[in-house]
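The values are calculated or read from the model by the stated rules, or taken from the named source; none is laboratory data. Since we're looking at a predicted model, the values are computed, not measured. Backbone-built Cβ (ideal geometry, glycine too); neighbour counts: all protein chains shown. Accessible surface areas use protein heavy atoms only, side chains included; no ligands, DNA or RNA. Shrake-Rupley method; radii C 1.70, N 1.55, O 1.52, S 1.80 Å.
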Amino acid sequence: MDNDNKNVVRVGSRKSELALIQTNYVIDCLKKLYPHMEFTIVTMTTLGDRILNVSLPKIGEKSLFTKDLEDALRSNTVDFVVHSLKDLPTSLPEGLAIGAVFEREDPRDALVLREDVKDCTLATLPAGSVIGTSSLRRTAQLRGGYPQLSIVDVRGNLNTRLRKLDAPTREYSALLLASAGLQRMGWKDRISKVLPCSEMKYAVGQGALAVECRVDNDNILQMLAAYNHAETYCRVLAERSFLKTLGGGCSAPVGVSTSLKPFEGNYKLSITGCVWSLDGQTKIDHKMEQTFAQIKRTTKHKLSPEEEGSSKKIKEEEIRSKEDNLIHPLAELDKKILEKKSCEDVKEKRIFCGLSENMSVPIDVIIKCENLGRDLAEALIEKGALEVMKVTQDLIRSSIEKSS
């Protein structure tokens with residue numbers, strides 16, 4: 001918010017319908033606390049949107065859906081950007097950070113079946129049925145669990161993929177998609193089955209919205225603070241730390257599942273991480289847990305919905321007036337920041353796997369969440385995960401060379 005008009009916030013977004021729904025959701029939330037502010041959306045097309053005839057791993061870029069938006073942030077064209085967290089690499093460009101992660105939606109994957117086979121499951125679909133997905137993670141799990149099915153790459157936004165499924169050619173029998181995206185689009189009725197974590201591990205950060213901004217933009221960071229959801233933050237930090245330590249991304253089949261639940265008067269964070277071979281025949285997994293006396297600095301605590309329960313549709317909710325969750329009105333932000341700078345040296349902002357420090361979470365909890373993900377990755381590495389990932393990357397590289 002370094003532009004000339006301090007009452008205007010410029011928000012970066014991809015042009016897809018889902019991206020705009022997510023961006024408008026974030027804006028609507030902020031308007032509840034800042035009704036006098038004007039939010040303008042600046043849309044752009046990312047590399048991942050422009051190249052649709054090549055599978056994601058073969059494109060060879062780590063920031064397919066984020067780089068163009070991040071360039072706009074760094075050039076001060078926009079003040080913040082709304083992303084699906086799963087699209088953001090675990091290491092962000094210098095000077096940028098995730099200022100808030102909103103409360104997570106259902107992170108699981110959804111099976112969307114063609115109308116004439118809508119009563120089937122993955123196990124009962126006819127042999128040779130074509131399942132569309134652009135994810136190596138989903139592909140590997142499908143090949144390992146359902147070798148009778150044919151897995152075919154499908155690209156494009158949700159609208160495009162569903163049109164392909166519904167086409168008269170009947171090329172695809174089903175699609176695997178993120179449940180949260182379908183929910184946000186208002187297409188819950190298209191979901192044939194939400195796959196349990198025991199059947200399909202999800203992507204790191206899946207189901208959560210992330211708001212990325214410049215590290216030095218204190219006004220924006222203050223605005224976002226009320227929506228930096230503590231429980232979601234802890235879960236996704238452990239997941240991103242896990243992936244960062246592995247060095248994985250869309251170039252390797254890596255999946256996770258996490259839960260945060262009350263446990264004997266405390267709170268227990270559980271995380272399971274998995275790595276597969278491309279054919280799904282080799283699976284390396286491990287589970288770890290960490291307990292905390294509290295997650296928030298306050299005594300009040302509200303857990304996110306368990307991912308094994310029914311998913312909730314993203315919608316506007318009234319922000320409850322809790323003194324511990326209120327942030328200063330924008331008119332007071334500059335004054336507060338100046339007072340802070342005048343009475344103490346400005347501390348270097350701490351970043352954890354791209355996430356700015358969540359001020360409502362005790363720092364020892366943040367560090368333990370980051371360590372939990374790292375320790376999980378190291379446990380998989382001891383079991384041979386890096387060797388499995390290397391074979392996958394070599395196969396992809398060989399495939400690229402043959403097609404070029």
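Remark: the stretch 24-35, residue by residue, has Karplus-estimated 3J(HN,Hα) of 5, 4, 4, 4, 4, 5, 5, 5, 5, 8, 10, x Hz, where x stands for each Gly or Pro and the curve is 6.51 cos²θ - 1.76 cosθ + 1.60 at θ = phi - 60°.
For the stretch 363-404, with all protein chains in place and a probe radius of 1.4 Å, 55% of the accessible heavy-atom surface sits on carbon or sulfur. Evaluating kT/(6 pi eta Rh) at 20 °C and 1.002 mPa s, with the Kirkwood radius of the stretch 96-245 over Cα pairs in the Stokes-Einstein relation, gives 127 µm² s⁻¹. Using 0.36 nm per residue and subtracting the Cα-Cα separation, the extra length available between SER91 and ASP119 on full extension is 5.9 nm. In order along the stretch 169-183, the Karplus-derived 3J(HN,Hα) couplings, from 6.51 cos²θ - 1.76 cosθ + 1.60 at θ = phi - 60°, round to 5, 6, 5, 10, 8, 7, 10, 10, 9, 6, 4, 4, x, 5, 4 Hz, and Gly and Pro are given as x.
Over the C-alpha atoms of the stretch 60-148, the Rg to Rh ratio, Rh being the Kirkwood estimate, stands at 1.12.
For LYS6 and SER360, FRET efficiency with R0 = 35 Å and r from the beta-carbon atoms, rounded to 0.05?
About 0.85, to the nearest 0.05.
Placing a pseudo-label 7 Å from each Cα along the Cα-to-Cβ vector at LEU20 and ARG350 gives an inter-label distance of 4.1 nm.
Residue separation times 0.36 nm, minus the C-alpha to C-alpha distance between ARG397 and VAL152: what's the value?
Working: separation 245, 0.36 × 245 = 88.20 nm, distance 1.85 nm.
Gain on extension, ARG397 to VAL152, equals 86.4 nm.
With all protein chains present, how much of the accessible area of the stretch 129-245 (probe radius 1.4 Å) comes from carbon and sulfur, to the nearest whole percent? Each step should come with its number before you reach the end.
On the way: 1660 of 3490 Å².
Carbon-and-sulfur percentage of accessible area, whole number: 47.
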